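Chemist: Below: one structure in structure tokens.
The values are calculated or read from the model by the stated rules, or taken from the named source; none is laboratory data. Here the structure is a predicted model, which means the values were calculated and not measured. Don't worry about glycine lacking a Cβ; one is built from the backbone with ideal geometry, like all the others, and counts go over all protein chains shown. Heads up: the accessible areas ignore ligands, DNA and RNA and are worked out on the full protein's heavy atoms, side chains in. Shrake-Rupley method; radii C 1.70, N 1.55, O 1.52, S 1.80 Å.
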Amino acid sequence: LGIAGIAPRATLMPVKGFPREGSGLDSDLWRAVLYAAENGAQVINTSWSCNPLCPDNPLAEEIVRLVHAMDVVIVTSAGNHLTDVLFNSPENMRETITVASHGEDDRPSASFTNHGWLVDVAAPGGGPSDDRSVWIARRNILSLRASANLDDLLSVGDDYYRLSGTSMAAPHVSGVAALLLSAQPELGYESVRRRLRQAATDLLAPGHDPVMGAGRLD
């Protein structure tokens, strides 16, 4: 209702990792990831990261490797701190597909998106706006409204909300991964990752670059 999804016939498995208050431990979320994989999820979207940095995350890394061994695709947001994903785990792992953000102008979301050579692709996450003060303008990804979303300036009706961030970008990639697997169920993680990178539209320097990875999701 209200939003055109990328993979509208995909079966979703909503897994609640945090309590009703909306905050909790990183370990709660990674237990939820393992639960999803053990219960049949083929693509898992992880739109969160440590704040501001955690170059080592032993629990996350162990679970990512376990899930990777099950050939489940993990898509993760790059983060929103204008820093290199090299310094955040598990975004810096090859076993995750790491997603940066771009705006409607096909340029990187310069006011927030993380970057680095370990970024795989970029996807719509808000913008354009290089000015952090223009926060309403860059929040142009229509999202479901949660109980914590109370700012009337960003509300769209009663059910939707304007947001921005790599947490908005990563689910686009998860949707395309679901489409790939619906067409070719035999594809494993490495094949999905390779096809996402090969099909990306190269927008900046030729080839893989440290801002948008292989380019814009296509």
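Chemist: I'd like to know if region 159-169 contains one or more residues that are free of Cβ contacts under 8 Å to residues at least 24 places away in the same chain, farther than 21 Å from I6 by Cβ and among the hydroxyl-bearing types (S, T, Y).
Modeler: Going residue by residue through region 159-169, those that are free of Cβ contacts under 8 Å to residues at least 24 places away in the same chain are 161.
Checking which are farther than 21 Å from I6 by Cβ leaves us with none.
There is no residue in region 159-169 that is free of Cβ contacts under 8 Å to residues at least 24 places away in the same chain, farther than 21 Å from I6 by Cβ and among the hydroxyl-bearing types (S, T, Y).
Chemist: Would you please name the residue that is modelled with the highest pLDDT, looking only at residues in region 93-128 that are on the phi > 0 side of the Ramachandran plot and surrounded by fewer than 23 Cβ atoms within 10 Å (Cβ to Cβ)? Let's see the steps before the verdict.
Modeler: Going residue by residue through region 93-128, those that are on the phi > 0 side of the Ramachandran plot are 106, 116, 126-127.
In the following step, the residues that additionally are surrounded by fewer than 23 Cβ atoms within 10 Å (Cβ to Cβ) were identified as 106, 116.
On the way: D106: 92, G116: 96.
Step by step, filter region 93-128, then rank; the result is G116.
Chemist: Output the number of residues of region 170-216 satisfying the condition of being assigned to a loop (DSSP other than H, G, I, E, B), of a type outside the set (G, A, S) and more than 25 Å from G103 (Cβ to Cβ). Show your work before the answer.
Modeler: To start, the set of residues in region 170-216 that are assigned to a loop (DSSP other than H, G, I, E, B) comprises 184-188, 200, 202-208, 210-212, 214-215.
From the residues that got through so far, the ones that are of a type outside the set (G, A, S) too are 184-187, 202-204, 206, 208, 210-212.
Remaining after also requiring more than 25 Å from G103 (Cβ to Cβ): 184-187.
Result for region 170-216: 4.
Chemist: Going by the structure shown, is L203 hydrophobic (A, V, I, L, M, F, W, C), over 18 Å from P8 (Cα atoms) and surrounded by fewer than 21 Cβ atoms within 10 Å (Cβ to Cβ)?
Modeler: Working: hydrophobic (A, V, I, L, M, F, W, C): yes; over 18 Å from P8 (Cα atoms): yes; surrounded by fewer than 21 Cβ atoms within 10 Å (Cβ to Cβ): yes.
Yes; evaluated as a whole, the condition is true for this residue.
Chemist: Which members of region 79-119 meet the condition of being among the acidic types (D, E) and more than 20 Å from L142 (Cβ to Cβ)? If you could, list the steps in order and put the result at the bottom.
Modeler: Kept after step one, since they are among the acidic types (D, E), are these residues of region 79-119: 84, 91, 95, 104-106.
Scanning region 79-119 gives D84, E91, E95.
Chemist: Oh, and also: Please find, within region 71-92, the residue that is surrounded by the most Cβ atoms within 10 Å (Cβ to Cβ) out of those that are hydrophobic (A, V, I, L, M, F, W, C) and over 13 Å from S167 (Cα atoms). Lay out the reasoning, then the answer.
Modeler: Going residue by residue through region 71-92, those that are hydrophobic (A, V, I, L, M, F, W, C) are 72-75, 78, 82, 85-87.
Then keep just the ones that are over 13 Å from S167 (Cα atoms); that gives 72-74, 82, 85-87.
On the way: V72: 21, V73: 28, I74: 25, L82: 14, V85: 31, L86: 17, F87: 18.
Per the criteria, the residue is V85.
Chemist: Identify all residues within region 14-47 that are part of a loop (DSSP other than H, G, I, E, B), at pLDDT 95 or above and out of contact with any Leu (no Cβ under 9 Å at 6 or more places or on another chain); write none if there are none. Outline the logic, then answer.
Modeler: Taking region 14-47 as the starting set, the residues that turn out to be part of a loop (DSSP other than H, G, I, E, B) are 14-25, 39-42, 47.
From what's left, at pLDDT 95 or above: 39-42.
N39, G40, A41, listed by residue number.
Chemist: Only residues that are touching a helix residue (DSSP H, G or I) at 6+ places or on another chain (Cβ under 8 Å) and of a type in the set (G, A, S): list them for region 57-85, please.
Modeler: Scanning region 57-85 gives A60, S77, A78, G79.
Chemist: Looking only at region 47-57, filter to residues that are touching a strand residue (DSSP E or B) at 6+ places or on another chain (Cβ under 8 Å) and open to solvent by 50 Å² or more (accessible area, probe 1.4 Å); which one of those is nearest to A7 (Cα to Cα)?
Modeler: W48
Chemist: Let me ask you something else. For A60, only one of the following conditions fails: (1) among the hydrophobic types (A, V, I, L, M, F, W, C); (2) open to solvent by 10 Å² or more (accessible area, probe 1.4 Å); (3) more than 23 Å from L179 (Cβ to Cβ). What is its number?
Modeler: Failed condition: (2).
Chemist: Another question about this same structure. Kindly check whether there is at least one residue in region 167-176 that is modelled with pLDDT of 95 or more and touching a helix residue (DSSP H, G or I) at 6+ places or on another chain (Cβ under 9 Å).
Modeler: Yes, that holds for at least one residue.
Chemist: Search region 67-85 for residues that are free of Cβ contacts under 8 Å to residues at least 40 places away in the same chain and pair each with any residue that is open to solvent by less than 40 Å² (accessible area, probe 1.4 Å) and among the acidic types (D, E) when their beta-carbon atoms are under 9 Å apart and the residues are at least 6 apart or on different chains.
Modeler: Correct list of pairs: V85/E91.
Chemist: Considering only residues that are open to solvent by less than 50 Å² (accessible area, probe 1.4 Å) and out of contact with any Ser or Thr (no Cβ under 8 Å at 6 or more places or on another chain), which ones fall in region 147-171? Let's see the steps before the verdict.
Modeler: Let us first name the residues in region 147-171 that are open to solvent by less than 50 Å² (accessible area, probe 1.4 Å), namely 149, 154-155, 160-161, 163-170.
Listed by number, the residues that qualify are L154, S155.
Chemist: Which of the residues that make up region 172-185 are of a type in the set (S, T, N, Q) and buried (at least 19 other Cβ atoms within 10 Å of the Cβ)? Spell out how you get there, then give the answer.
Modeler: Start the filter on region 172-185 by keeping residues that are of a type in the set (S, T, N, Q), which leaves 174, 182, 184.
Of everything in region 172-185, just one residue is of a type in the set (S, T, N, Q) and buried (at least 19 other Cβ atoms within 10 Å of the Cβ), namely S174.
Chemist: When you check I44 against the structure, is it open to solvent by 40 Å² or more (accessible area, probe 1.4 Å) and among the aliphatic types (A, V, I, L, M), yes or no? Before you say what the answer is, go through the steps one by one.
Modeler: Numbers: open to solvent by 40 Å² or more (accessible area, probe 1.4 Å): no; among the aliphatic types (A, V, I, L, M): yes.
No.
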